[in-house]
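Asker: Just passing along the structure, written as structure tokens.
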Amino acid sequence: CNGSSDGAISVSDNGCGSTYAWSNGAPTSSVSGLSAGTYSVVVTDQFGCTAGGSVTLTEPDALVVDAGSDQTVYYGYTPMSCADLAGSANGGCPAYNYSWSNGAAGNTQTVCPTASTDYTLTAVDQNGCTASDDVSVCVIDVRCYAGNSGNQKVEMCHIPPGNPGNAHTICINASAVPAHLAHGCLLG
């Protein structure tokens, strides 16, 4: 993983009681816990014959996750009460396995929260490296009840056409919301 000391190198030889001298001081045929860089080894067998070599460990670009832009949903107005979340990853070693903090798998999901919620997208690459990012879904409760009917309606900030200085809150049927949105009113 980028920036980690999780690399490993192994040397194979003829197995004749060899000793190993790595440039990092390790005395074994396999070394681990290595960061990116060049490492050399000298192998000496039981007869005093030596051979040497070097290897360069590289690392991938850093794994970066983007859970997407924060969103707002309007609880109580069905067409706008859900958010489509779509995240992505780059760097590391593709392909990626994605998971969300709410248990969803994959890099996309639709959420319909009733309270403001943060969702974390985690990606794991082919090397087991992980990275995460958060996205916030802000919930605005637009439910209202006009009069004594007990029927749920939708609260809007009504901005009268031609008279924007007279904005006020109204409670209307959901079927009337699109017309009000079309002339500049706002939910909530």
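The values are calculated or read from the model by the stated rules, or taken from the named source; none is laboratory data. Just so we're clear, the structure is a prediction, and the values are computed from it rather than from any experiment. Every residue, glycine among them, receives a Cβ derived from its backbone with ideal geometry; neighbour counts consider all protein chains shown. What goes into the accessible areas is simple: the full protein's heavy atoms, side chains included, and nothing from ligands, DNA or RNA. Shrake-Rupley method; radii C 1.70, N 1.55, O 1.52, S 1.80 Å.
Asker: Taking the condition within 26 Å of Asp133 (Cα to Cα) and either at pLDDT 95 or above or among the polar types (S, T, N, Q) (or both), does Gly87 pass?
Answerer: So Gly87 passes the test.
Asker: Within the group Val111, Val142, Val124, Val177, which residue is closer than 19 Å to Ser69 by Cα and out of contact with any His (no Cβ under 8 Å at 6 or more places or on another chain)?
Answerer: Just one listed residue meets the conditions, Val111.
Asker: Which number in (1) out of contact with any strand residue (DSSP E or B) (no Cβ under 6 Å at 6 or more places or on another chain); (2) open to solvent by 60 Å² or more (accessible area, probe 1.4 Å); (3) not β-branched (Val, Ile, Thr) marks the one condition that Asp118 misses?
Answerer: Unmet condition: (1).
Asker: How about the stretch 1-30: which of its residues are under 27 Å from Gly91 (Cβ atoms), of a type outside the set (Gly, Ala, Ser) and part of a loop (DSSP other than H, G, I, E, B)?
Answerer: Selection gives Cys1, Asn2, Asp6, Asn24.
Asker: Go through (1) open to solvent by less than 50 Å² (accessible area, probe 1.4 Å); (2) of a type outside the set (Phe, Trp, Tyr); (3) farther than 14 Å from Ala67 by Cβ for Gly87 and report which single condition fails.
Answerer: Checking Gly87 against (1) open to solvent by less than 50 Å² (accessible area, probe 1.4 Å); (2) of a type outside the set (Phe, Trp, Tyr); (3) farther than 14 Å from Ala67 by Cβ, the one that fails is (3).
Asker: Looking at the stretch 97-115, which of its residues are open to solvent by less than 60 Å² (accessible area, probe 1.4 Å) and either touching a residue at least 12 places away in the same chain (Cβ under 8 Å) or among the acidic types (Asp, Glu) (or both)?
Answerer: Tyr98, Ser99, Trp100, Asn107, Gln109, Val111, Pro113, Ala115, listed by residue number.
Asker: Residues that are of a type in the set (Ser, Thr, Tyr) and closer than 30 Å to Asp61 by Cβ: find the strands (runs of 3 or more DSSP E) completely inside the stretch 122-188 holding 1 or more of those.
Answerer: So the answer is 130-141.
Asker: Mind checking which residues of the stretch 31-59 are open to solvent by 60 Å² or more (accessible area, probe 1.4 Å), among the polar types (S, T, N, Q) and either touching a Ser or Thr at 6+ places or on another chain (Cβ under 9 Å) or outside any loop (DSSP other than H, G, I, E, B) (or both)?
Answerer: Answer for the stretch 31-59, where residues must be open to solvent by 60 Å² or more (accessible area, probe 1.4 Å), among the polar types (S, T, N, Q) and either touching a Ser or Thr at 6+ places or on another chain (Cβ under 9 Å) or outside any loop (DSSP other than H, G, I, E, B) (or both): Ser32, Thr38, Gln46, Thr50, Ser54, Thr56.
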